[in-house]
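Novice: Before I ask anything, let me first share the structure, which is written out below as structure tokens.
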Amino acid sequence: MALERIQKILAKAGIASRREAERMVTEGRVSVNGQVVERLGVKADPFKDHIKVDGKRLKHFEPKIILLLNKPRGYLSTAKDPQGRPTVLDFLKNVKSRIYPVGRLDFDAEGLLLLTNDGDLAHHLSHPRFSVRKTYFVKVAGVPEEKKLIQLKRGVYLEDGEAKAVSCSLIRQKEKNSWLRIVVTEGRNHLVKRMFSAIGHPVLKLKRVEYGPIQLGDLPFGQFRSLTPDEIEKLRKLEATKSKN
Ligand code: URA
């Protein structure tokens, strides 16, 4: 874990807003390993250092985790369902942190779902403003002609506005259906299904295989893994560039 500025640590721990945390520091209410912090620039490691505010140790400073689940069809990607349907958290019962999915995948969709206890990261990666690329393999009814794929890339009109694919290509075709690869940057509800319906080829199966720089790979259905340090670094870089824009 990298060192972070003390006021940022307090804000992340939910003690106070960044500004209030700065005040706490300048008022001499914060100590690191027994030493009162006297300047705002001081850095600490929230997982190793003993940080106290008004003499009380910062508790519940959870390490940030980012998990990748291969979601099977028939599971909701929300944390709870009032109707009691199975949710992706059923696969993550041993994970003690409160984690949230990064963006949604439909009940009948499968594939890559990121989950994290880092609210900022979840926000940056799923907010439409940040335009993170998502790649899907899609089985559709029929075989779309090239001009229909061009239409998807130029933009189709949906009831909540225009939607465009970054790329879209045919990967396999049969007599009555075909598989395509499509890349989109938005996360509007049922976006890919609605885009293919708009060109007259309803989606039969939908699988997400990439989310930004992260790839699903060959993880079996219902299994999850932690991201590797390399993958985390790529996501953090993406988060940093997106939050600057
Ligand atoms: N587009 C959809 O239609 N559904 C999903 O779950 C994701 C993208």
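The values are calculated or read from the model by the stated rules, or taken from the named source; none is laboratory data. Predicted model, so just to flag it, every value in this text is computed and none were measured. Every residue, glycine as well, gets a Cβ built from its backbone with ideal geometry; the counts of neighbours run over all protein chains shown.
Novice: Asp160 passes all but one of (1) more than 23 Å from Lys139 (Cα to Cα); (2) in the same structural domain as Val88 (by TED's automatic domain parsing); which number fails?
Specialist: Condition not satisfied by Asp160: (2).
Novice: A follow-up question, please. Would you check if Arg225 is part of a strand (DSSP E or B) and more than 24 Å from Pro128 (Cα to Cα)?
Specialist: When the stated conditions are applied, Arg225 passes them.
Novice: Then there's this: For the stretch 135-158, state whether one or more residues are within 20 Å of the chain's Cα centre (by Cα) and outside any strand (DSSP E or B).
Specialist: no
Novice: I would also like to ask the following. State whether one or more residues within the stretch 194-201 are within 13 Å of the ligand (Cβ to nearest atom), of a type in the set (Val, Ile, Thr) and not assigned by TED's automatic domain parsing to the domain that holds Ile99.
Specialist: No: the stretch 194-201 contains no residue that is within 13 Å of the ligand (Cβ to nearest atom), of a type in the set (Val, Ile, Thr) and not assigned by TED's automatic domain parsing to the domain that holds Ile99.
Novice: From (1) farther than 30 Å from Ile214 by Cα; (2) crowded, with 16+ Cβ neighbours inside 10 Å, pick out the condition that doesn't hold for His50.
Specialist: Failing condition for His50: (2).
Novice: Let me ask you something else. Just for the stretch 167-189: of the residues that are within 16 Å of the ligand (Cβ to nearest atom) and not in a strand (DSSP E or B), which one is surrounded by the fewest Cβ atoms within 10 Å (Cβ to Cβ)?
Specialist: Asn189
Novice: Suppose the filter is at pLDDT 90 or above and in contact with a Ser or Thr (Cβ under 7 Å, 6 or more places away or on another chain); does Leu68 pass it?
Specialist: Criteria not met by Leu68.
Novice: Moving to a separate point now. Within the stretch 86-124, take every residue that is away from the ligand (no atom under 14 Å from the Cβ) and basic (Lys, Arg) and give me the one that is nearest to the chain's Cα centre (by Cα).
Specialist: Going through the qualifying residues, I end up with Arg98.
Novice: I'm trying to understand the selection: among the residues of the stretch 128-175, which are at positive phi and touching a residue at least 24 places away in the same chain (Cβ under 8 Å)?
Specialist: Hits for the stretch 128-175 are Ser131, Gly142.
Novice: Can you name every residue in the stretch 205-245 that is within 16 Å of the ligand (Cβ to nearest atom) and among the charged types (D, E, K, R)?
Specialist: Within the stretch 205-245, Lys205, Lys207, Arg208, Glu210 meet the criteria.
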